[in-house]
Amino acid sequence: MLQKKQVVTGEEQQVVFTIPIFEPMPSQYYIRVVSDRWLGSEAVCIINFQHLILPERHPPHTELLDLQPLPVSALGNREYESLYKFTHFNPIQTQIFHTLYHSDTNVLLGAPTGSGKTIAAELAIFRVFNQYPGSKVVYIAPLKALVRERIEDWKIRIQEQLGKKVVELTGDVTPDMRAISQADLIVTTPEKWDGVSRSWHNRSYVQKVAILIIDEIHLLGEDRGPVLEVIVSRTNFISSHTNRKVRVVGLLYIFYSTITACLPGCCQRPRPRRLAGHRTGGSV
Ligand SMILES: Nc1ncnc2c1ncn2[C@@H]1O[C@H](COP(=O)(O)OP(=O)(O)OP(=O)(O)O)[C@@H](O)[C@H]1O
Ligand SMILES: [Mg+2]
């Protein structure tokens with residue numbers, strides 16, 4: 001709100017707003033700001049686009065390298081290794097192993113169906129178990145059926161075999177507060193986690209989240225994209241208040257065999273964009 005005093009004293013004002021850019025891009029924009037309260041309070045500004053550098057429309061994906069398959073013993077933990085029936089990670093898992101298991105970088109992994117993205121999620125989960133005991137892992141799947149499927153698998157492999165507590169949290173299944181606060185791994189849907197994390201002030205377990213894994217992002221169409229946006233923004237907000245970094249790992253289906261990106265801070269996008277532009281329908 002512009003005060004009369006500020007206008008009289010000629011105090012410099014800052015107006016922050018967003019303008020769309022259409023293609024073909026014009027050489028310049030004339031921006032006129034007119035006060036709807038104070039007569040004669042207006043300013044014109046010319047923005048020259050000639051030397052404007054925009055982010056890449058389609059950021060380059062990471063090429064799949066021809067690496068020697070990594071043995072599961074790279075996990076350095078017999079219990080984790082025993083969860084896998086195979087002896088070696090596949091090419092995608094081999095390439096992202098270090099980033100997921102030995103760093104806290106945010107990751108966006110796009111890979112085809114059946115390429116073992118669940119194992120990628122598990123690598124990031126094991127890192128939390130190793131490095132941040134007492135913290136919580138939140139895994140989000142867009143459908144209750146997918147949550148169920150994960151629960152059935154992880155109740156055996158992560159709860160029974162690793163001794164970590166796994167809870168299901170959906171519109172249909174709401175465990176008691178004690179179970180959630182004792183859980184190591186919470187498997188939930190975007191809408192449920194949105195509702196739960198809204199009251200993060202009163203829910204200490206929300207503040208203990210160390211990682212947010214969002215699977216099957218491609219299934220969150222136009223209508224559910226905002227929920228995802230809200231969850232990730234709130235996560236960053238909570239993180240800035242608690243001074244605890246919360247890692248975000250996104251997994252999505254793409255139909256060709258390359259890693260879309262391993263982006264530090266992938267959720268701090270410079271401008272809204274589709275995550276997978278080659279796909280039709282749905283954006284986040
Ligand atoms: N390195 C591996 N060696 C052999 N089998 C593997 C390996 N990694 C994963 N698998 C198996 O491949 C199958 C598919 O894995 P997963 O469900 O994780 O794929 P996905 O990428 O999540 O697929 P979707 O897009 O359908 O969700 C599983 O049965 C899994 O056990
Ligand atoms: Mg999957």
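Every number in this text was worked out from the coordinates using simple rules, so none of it is lab data. Since this is a predicted model, take the numbers as computed values, not measurements. Backbone-built Cβ (ideal geometry, glycine too); neighbour counts: all protein chains shown.
Working note: Karplus 6.51/-1.76/1.60 with θ = phi - 60° gives segment 130-140 the couplings 6, 8, 10, x, x, 7, 10, 10, 10, 10, 10 Hz, where Gly and Pro are set to x. In order along segment 72-78, the phi-based Karplus estimate (6.51 cos²θ - 1.76 cosθ + 1.60, θ = phi - 60°) of 3J(HN,Hα) comes to 5, 5, 4, 5, x, 8, 4 Hz; Gly and Pro are listed as x.
When the trypsin sites (Lys or Arg not before Pro) in segment 134-227 are filtered for DSSP coil states and for at most 12 other beta-carbon atoms within 10 Å of their beta-carbon, no site remains. Restricting the chymotrypsin sites (Phe, Trp or Tyr not before Pro) of segment 1-87 to loop positions (DSSP other than H, G, I, E, B) with no more than 10 neighbouring Cβ atoms within 10 Å leaves 17, 22. Between residue 249 and 107, 212, 213, 214, the built amide H atoms are under 5 Å apart, and every one of these is 5 or more places off in sequence or on another chain. Calculated mean residue ellipticity, 222 nm, the chain: -8500 deg cm²/dmol, from DSSP H runs (n ≥ 4) at -39500 (n - 2.57) each, averaged per residue and rounded to 500. Orientation-averaged projection of the chain equals 19.7 nm² [convex hull of Cα atoms, one quarter of hull surface area].
Of all beta bridges that DSSP places with both ends in the chain, some 30 percent have antiparallel geometry. Once the GluC sites (Glu not before Pro) in DSSP loops with at most 11 neighbouring Cβ atoms within 10 Å are cut out of the chain, the longest remaining piece is 64-221. Remark: the residue 46-residue 90 segment gains 10.5 nm on full extension, using 0.36 nm per residue and subtracting the alpha carbon distance. Annotation: amide H of residue 88 within the under-5 Å range of 72, sequence separation 5 or more or interchain, hydrogens built in the peptide plane. Measuring from a point 7 Å past the Cα of residue 174 along Cα-to-C-beta, which residues in segment 211-230 have an amide N at less than 12 Å? Within reach of a label on residue 174: no residues. The trypsin sites (Lys or Arg not before Pro) of segment 79-129 meeting both criteria, a DSSP state outside H, G, I, E and B (loop) and at most 14 other C-beta atoms within 10 angstrom of the site's C-beta, are 85.
If a spin label sat at a point 7 angstrom from the Cα of residue 67 along the line to its beta carbon, the backbone N atoms of segment 94-127 nearer than 13 Å would be those of 94-103, 120. Put the Cα centre of segment 1-75 next to the Cα centre of segment 214-235 and the gap is 23 Å. Converting phi to 3J(HN,Hα) with the Karplus coefficients 6.51, -1.76 and 1.60 and the offset θ = phi - 60°, segment 235-245 yields 4, 5, 5, 4, 4, 6, 7, 8, 6, 10, 5 Hz in sequence order, with x at every glycine or proline.
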